[in-house]
Each structure stands twice: as structure tokens, then as C-alpha cells.
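Chemist: This is the structure I have questions about; it appears just below.
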Amino acid sequence: FNALTASDGTEGYQIALSQQPDLILSDIIMPGMSGFELLEKLQSEPNTAVIPVIFLTGMVEIENMRKGMDCGADDYLLKPFRIDDVLNSINARLKKTEIYNSVIDEFKNSLVQKTSHEMRTPLVGILGFAQLLSENFETISRKEHRQFIENINASGKRLYRRIEKFLFYAELLSLKRNRGETNVKGPDEYHIDNNYLKAKLSCKAAEFDRADDLDISFESADVIIEARALEMLLEELIENSAKFTAKGSSIAALGYADGEYYVVRISDEGTGNENLNFNKENILMTGNTFVEGIGIGLSMVKRITELYNCRLKMSSISGSGTNVEIILPRIEVKIFKLHGNPNKNLILH
């Protein structure tokens, strides 16, 4: 390792700002600026906030160790220490940083590849019609004016929806795989209402002039999933069917309770895509990896099923359409007769 040295926290802070080291070893009790103060100042600067910091100290009080970890220290080694312990800690933190950086780079490359076309297409429409309108404002008819404006409006809405999808997908990727450790906000209980879902999914199909082709039937039930996640999942599947099937062909969306689970099925009569065939009880994604040939929409579907412990099955045959089955954990309701009073029921969720 190439080691840079500082006599106290103040000097160390200045060197960290100017040299951008890969890792910092710091004492806690120092003149001028303590190790805790140094760490707080480093984390307030964008260029030094992610640098791993290891405290080397003779302070053995539990509250001091807790304070160091709460401030964001990556490790805490007590004096006297063995050099092997220090080297092992350094190597572990640098390896972790290397993995993190590779994940970020892979994610950015994949995201650029998948979003460039989806973002560019509606933007080209907006710019193109705006330019035509500007250059021919005095010569085109009122009818053409209106048509150009409607096209710009439609392209703008399309771009807005794709940005919203991108932001939600980025949020999904940031969540941990274990639902018990995620930072998803809001209750993870969703009541399935047929009328509400019919109205919402019909609006999505109408964007592709396919509302009349949609057949919806959802049995009422309570499932374990966040509202936005389930609705986005269903909308993406409906959108996928609407885009890749002929107008007039049927798109079916149905849901029913099956014991402790709730089954959702989306099927269409489109061209099919054999690359979509898989049958796994739990879809495992690294979070930054896209399936080849699948856009953000279906990658988002897979990510949602992973986060909420759902089972996802997709079968697609060329020329015969695509079928998607999602099995959601259900909030089971049991009715018990109260002991001594058979006319009273106790409902347990």
C-alpha cells in the first residue's frame, strides 16, 4: 500500500480532500479534531463521503464503539492490535469497495443501454413536431396546428411515463432482497378490488387503444404486497401484452384465492417470445442485471416478485401468445367459534 500520513485530524482531513485516498485509518483521541469529528466532516463532503474509515483506538467503552459505528465507521480495532488484524480489515474493506464500484458501473452501463431508446423515441417526436410547428407556423392549417400539438402532448406524456417507470425501477434496485430489511414505505397489505383494478388497467390498455380487448376478473382478497408495487406490476404486464399483440385479440387478466396464496394470471394471443420462458418459485436477480432481450418493464416485474416473496412463472410460445402467473402470499382469514358461544365468531388475520 502507498501510505499517506498525518499528525492529527485537521491535517488528515486536508490530505483526504486533496488526495482522495482509498481508505483511512484514524485514531479517535487527537488534538484539534477528534476521529469522530473527522469522520463527520469527511461524510459531509461528496468526494470523501464513501471513503472507508477504520478506527484504531485504545478506547474500550461500549458507548464509544457504538458512537463510532453510528457515525459510519467501517471497522473498529482496539489497541494493542496485531498487524494481521489491521491488514485483514483493510483488505476486506477495499474488496467491499471494489465490489460496490463494479456493481455501480455494471448497473449504469445496463441502464444506459436499456433506457436510451425508450427515452429517445418520445423526445425525438417532441422535438420533431415542435420544429415543424416553428418553421411552418404561418403556412400550415389550423387542423395541422392542432395535430402537431396533440402529437407533442402525446409524446410528452409517453416520456413522462417512461421517466416515472425508470425512477421506480431505480428505487426497486436500491432495496435489499430480504423484505424484512427493505425501506419500502407504506403497509404491505393490499385489498384486491375488481372494480378498482378494472378501471385502472382499462386506462392502461386505453393508452394503446386496447381497452375493448381487455377481459378482467379479480376475486376479492387481501394479499401481502405494497399497493404501488402490485399495481405497477399489473400495469406493466398489461402494457406488454397490449404492445405485442394485434388489436382485436384478447388480453385476459384474472385473479383468485387458492388457499394461503392468491394467483394472478395475465394471458394474451400475441406472437410470443421463447426467451421469456422460465418457471422458478423465486426469481433471483442481482439487482443490477437485466435479462437479455427484456426491457425495464419485465425486469421490474421480476424485481417486484423477488422483493415480495412471490412466485413468478412465464410461458411463451412463438405464434401462440404469452401467459404469466404470479402467486402472491395471502393474508389468511380464519373464523373460529368462540368457546361457549357458538353464535359469536372471532376473526383472526
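Chemist: Quick one: what pairs do we get from the range 218-241, first residue touching a residue at least 12 places away in the same chain (Cβ under 8 Å), second of a type in the set (Phe, Trp, Tyr) and in a helix (DSSP H, G or I), C-beta under 7 Å, 6+ apart or different chains?
Modeler: So the pair list comes out as 232/168.
Chemist: I need the full set of residues from the range 207-244 which are open to solvent by 20 Å² or more (accessible area, probe 1.4 Å) and outside any helix (DSSP H, G or I), in order please.
Modeler: Selection gives 207, 208, 209, 214, 215, 217, 219, 220, 222, 224, 226, 244.
Chemist: Tell me the helices (runs of 4 or more DSSP H) entirely within the range 1-98 that contain at least 1 residues that are hydrophobic (A, V, I, L, M, F, W, C), modelled with pLDDT of 90 or more and surrounded by fewer than 17 Cβ atoms within 10 Å (Cβ to Cβ). Show your work before the answer.
Modeler: Details: elements: 9-19, 35-43, 62-71.
Passing ranges, in order: 9-19.
Chemist: On to the next question. Inspect all residues belonging to the range 105-120 and state whether any of them is modelled with pLDDT under 80, hydroxyl-bearing (Ser, Thr, Tyr) and loosely packed, with under 14 Cβ neighbours inside 10 Å. Give the steps one after another, and end with the answer.
Modeler: Initially, the range 105-120 is screened for residues modelled with pLDDT under 80, giving 105-120.
With hydroxyl-bearing (Ser, Thr, Tyr) added as a condition, the list becomes 110, 115-116.
With the extra rule that they be loosely packed, with under 14 Cβ neighbours inside 10 Å, the set shrinks to 116.
Taking every residue of the range 105-120 in turn, at least one turns out to be modelled with pLDDT under 80, hydroxyl-bearing (Ser, Thr, Tyr) and loosely packed, with under 14 Cβ neighbours inside 10 Å.
Chemist: Just for the range 124-167: of the residues that are more than 23 Å from residue 208 (Cα to Cα) and of a type in the set (Asp, Glu), which one is most open to solvent (accessible area, probe 1.4 Å)?
Modeler: 138
Chemist: Looking at residue 196, is it under 15 Å from residue 326 (Cα atoms) and at pLDDT 90 or above?
Modeler: Working: under 15 Å from residue 326 (Cα atoms): no; at pLDDT 90 or above: yes.
No, not satisfied.
Chemist: With respect to residue 269, determine if the residue is acidic (Asp, Glu), at negative phi and modelled with pLDDT under 65. Reasoning before the result, please.
Modeler: Working: acidic (Asp, Glu): yes; at negative phi: yes; modelled with pLDDT under 65: no.
Against the criterion (acidic (Asp, Glu), at negative phi and modelled with pLDDT under 65), residue 269 does not qualify.
The values are calculated or read from the model by the stated rules, or taken from the named source; none is laboratory data. Being a predicted model, the structure only gives us computed values, none of them experimental. So basically every Cβ, Gly included, is an ideal-geometry build from the backbone, and we count neighbours across all protein chains shown. Note: areas computed on protein heavy atoms with side chains; ligands, DNA, RNA excluded. Shrake-Rupley method; radii C 1.70, N 1.55, O 1.52, S 1.80 Å.
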